[in-house]
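One structure is given here, and the rest of the page talks about it.
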Amino acid sequence: MQFDIATPTLSEEGARRLEWAGRRMPVLASLRERFRQEKPLEGRTVAACLHVTAETANLMLALRDAGARPALCASNPLSTQDDIAAALVAEGIPVFAVRGEDSDTYYGHIHSVLDLEPDITMDDGADLATILHTTRTELNPVGSTEETTTGVIRLRAMAEDGTLRVPVVAVNDSQTKHLFDNRYGTGQSAMDGIIRASNVLIAGSNVVVVGYGDCGRGVADRARGLGAHVIVVEVDAVRAISAVMDGHRVLTADDAAEIGHIFITVTGNKHVLRRRHFERMRNGAILANAGHFDIELELTALEEMAGPSRPIRANLDEYVMPDGRRILIAAEGRLVNLGAAEGHPADVMDLSFSNQALAAEWLVQNEGALEPQIYTLPAELDAEVARIKLEALGFGLEKLTDDQVSYLSGWQEGTA
Ligand SMILES: NC(=O)c1ccc[n+]([C@@H]2O[C@H](COP(=O)([O-])OP(=O)(O)OC[C@H]3O[C@@H](n4cnc5c(N)ncnc54)[C@H](O)[C@@H]3O)[C@@H](O)[C@H]2O)c1
């Protein structure tokens, strides 16, 4: 078996963390039980480009239970947990990922999983799909799945201009993914990453959240829960007004730049904080990004203004401006929740990765019948994932009476 990881010696520690995460993933566990009986992915190779975390490792084991041959590379050079990579290799699953790998190694690893000629590809940010549509056009998988908002936006753009040549399941678009993972997962783990990188007190500080989508709303909620004054920056008026009614201040980036102590970008867009904002920032401002790519902070401009940075703590680099102000960047401007913390808790990745496993099964079940388009998993699967999670958490779900079903589907009954 080929693989490329930091060191196999970390496998025992990785196996313990993998087990711990698995205990908190009851929906995936119930799928694994069914997969072991039914083997819906028998003989299929699945190439996954996902963050190499304990939760992803549990997904890899679920795919293997389904009869697949999974292989994994990283979807971000800084998110790999080397102990987890080692634990998966010890399980016989090929992994090509080393925390902190350079760009050439990162893309080399993507090619390594594609060399296995996958039947299904799983992406978090569309890197595999991009290579499939540029340099590896000889490969023709049955279909692909996509985990995150940024990847889905890119794949939709490919579908619109007629470039897309494989069917894709937008896992992000399942309600049991984006309403939970993006909101509660990113919310908690982004704050966790900032705290681990800086150990600053959040209470009483001005936390600026740039982007108030599912992720931004989650980050803003958790920052407020820690006692911050939250300021939101948005370009979409509807989202901006919902931030206002959620109780946050909404300002332009220029105005927010002057008062923020901590900035978190979560837009999926480029250079949302740039030179003009760095010029206005207070001494000691801490900047972090939780959006998919490391392009939300214009770090090249910061380097032009301040010269090279120096590491002041693990995962925190300091730039000194010509006027003496210090600006700090967490996790090199990459996903702070994965670069400086452990990513989303298993409890929420249970939902996302159950959707990933169901998406792979759905692609195989529908092989030959799908167009090169973006698909969303059927609503019944969303409901089933939510139902199993509720049951596992020990909550009850009310049922409609027959009378209520007929009332909701009719129009004659009104004011008594
Ligand atoms: N850190 C993680 O683990 C994690 C998890 C899930 C998603 N993501 C990524 O986070 C990003 C956001 O995801 P989402 O689901 O919240 O997306 P979303 O589309 O729901 O929200 C993004 C918001 O950013 C706003 N925006 C765009 N440009 C802006 C600008 N210049 N200034 C201010 N606001 C701007 C948009 O109007 C939108 O409301 C994506 O890149 C996604 O892939 C990261």
key: Count of residues meeting criterion [assigned to a helix (DSSP H, G or I) and farther than 22 Å from Pro40 by Cβ] in region 365-390   = 1
ask   = Residue check, Val207 against (1) away from the ligand (no atom under 11 Å from the Cβ); (2) aliphatic (A, V, I, L, M); (3) assigned to a helix (DSSP H, G or I), all met but one. Which one?
value = (3)
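Could you say whether any residue in region 239-248 is aliphatic (A, V, I, L, M), outside any helix (DSSP H, G or I) and in the same structural domain as Asp214 (by TED's automatic domain parsing)? Quick ask: steps written out before the conclusion?
We begin by selecting, within region 239-248, every residue aliphatic (A, V, I, L, M); these are 240-241, 243-245.
Subset that is outside any helix (DSSP H, G or I): none.
No, that holds for no residue.
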key: All helices (runs of 4 or more DSSP H) inside region 1-85 with 1 or more residues being of a type in the set (Val, Ile, Thr) and within 23 Å of Thr148 (Cα to Cα)   = 26-38, 54-65
query = Restricting attention to region 397-412, which residues are surrounded by fewer than 10 Cβ atoms within 10 Å (Cβ to Cβ) and in contact with a helix residue (DSSP H, G or I) (Cβ under 8 Å, 6 or more places away or on another chain)?
reply = Leu397
inquiry  = Can you find, within region 173-204, the residue that is nearest to the ligand (Cβ to nearest atom) among those that are part of a helix (DSSP H, G or I) and of a type in the set (Val, Ile, Thr)?
reply    = Thr186
Strands (runs of 3 or more DSSP E) lying entirely in region 274-332 (those with 1 or more residues that are acidic (Asp, Glu) and without any contact (Cβ under 8 Å) to a residue 24 or more places away in the chain) = 316-320
key: Of all residues in region 171-210 being over 26 Å from Tyr375 (Cα atoms) and hydroxyl-bearing (Ser, Thr, Tyr), the one that is surrounded by the fewest Cβ atoms within 10 Å (Cβ to Cβ)   = Ser205
query = Taking region 113-134, which residues are surrounded by 21 or more Cβ atoms within 10 Å (Cβ to Cβ) and either β-branched (Val, Ile, Thr) or within 13 Å of Phe3 (Cβ to Cβ) (or both)?
reply = Val113, Ile120, Thr121
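Residue-by-condition table, conditions (1) more than 22 Å from the chain's Cα centre (by Cα); (2) over 16 Å from Ala346 (Cα atoms); (3) modelled with pLDDT under 95:
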site	(1), (2), (3)
Arg136	yes, yes, no
Glu146	no, yes, no
Val152	no, yes, no
Gly162	yes, yes, no
Val168	no, yes, no
Asp192	no, no, no
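With the requirement that a residue be within 15 Å of the ligand (Cβ to nearest atom) and either touching a strand residue (DSSP E or B) at 6+ places or on another chain (Cβ under 6 Å) or outside the structural domain of Arg69 (by TED's automatic domain parsing) (or both), what does region 129-150 give you? Steps first, answer last, please.
Of all residues in region 129-150, those within 15 Å of the ligand (Cβ to nearest atom) come to 129-130, 145-150.
Hits for region 129-150 are Ala129, Thr145, Glu146.
Please specify each residue of region 170-190 satisfying the condition of being within 14 Å of the chain's Cα centre (by Cα) and among the polar types (S, T, N, Q). Spell out the reasoning first.
Initial filter on region 170-190 (within 14 Å of the chain's Cα centre (by Cα)): 170-174, 176-190.
Asn172, Ser174, Thr176, Asn182, Thr186, Gln188, Ser189, listed by residue number.
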request  = From (1) more than 23 Å from Ala203 (Cα to Cα); (2) crowded, with 23+ Cβ neighbours inside 10 Å; (3) not charged (D, E, K, R), pick out the condition that doesn't hold for Val266.
outcome  = (1)
ask   = Looking at this structure, is His261 within 9 Å of the ligand (Cβ to nearest atom) and touching a Ser or Thr at 6+ places or on another chain (Cβ under 7 Å)?
value = no
query = Considering only residues of region 337-358 that are in a helix (DSSP H, G or I) and closer than 16 Å to Gly291 by Cβ, which is farthest from the ligand (Cβ to nearest atom)?
reply = Gly339
inquiry  = If I filter region 211-230 for residues that are more than 21 Å from Ile195 (Cα to Cα), aliphatic (A, V, I, L, M) and either within 13 Å of the ligand (Cβ to nearest atom) or surrounded by fewer than 22 Cβ atoms within 10 Å (Cβ to Cβ) (or both), do I get at least one hit?
reply    = no
remark   = Filtering region 252-270 for residues that are out of contact with any helix residue (DSSP H, G or I) (no Cβ under 8 Å at 6 or more places or on another chain), part of a loop (DSSP other than H, G, I, E, B) and either within 25 Å of Ala341 (Cα to Cα) or touching a residue at least 60 places away in the same chain (Cβ under 8 Å) (or both) leaves a count of 4
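Consider Ala159 carefully, then state whether it is within 16 Å of the ligand (Cβ to nearest atom) and hydrophobic (A, V, I, L, M, F, W, C).
Answer is no for this residue.
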inquiry  = Among the numbered criteria (1) more than 16 Å from the ligand (Cβ to nearest atom); (2) in a loop (DSSP other than H, G, I, E, B), which one does Tyr106 miss?
reply    = (2)
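The values are calculated or read from the model by the stated rules, or taken from the named source; none is laboratory data. Here the structure is a predicted model, which is why all the values come from computation and not from measurement. Positions of Cβ are generated from backbone atoms using ideal geometry, with glycine treated the same way; all protein chains shown enter the neighbour counts.
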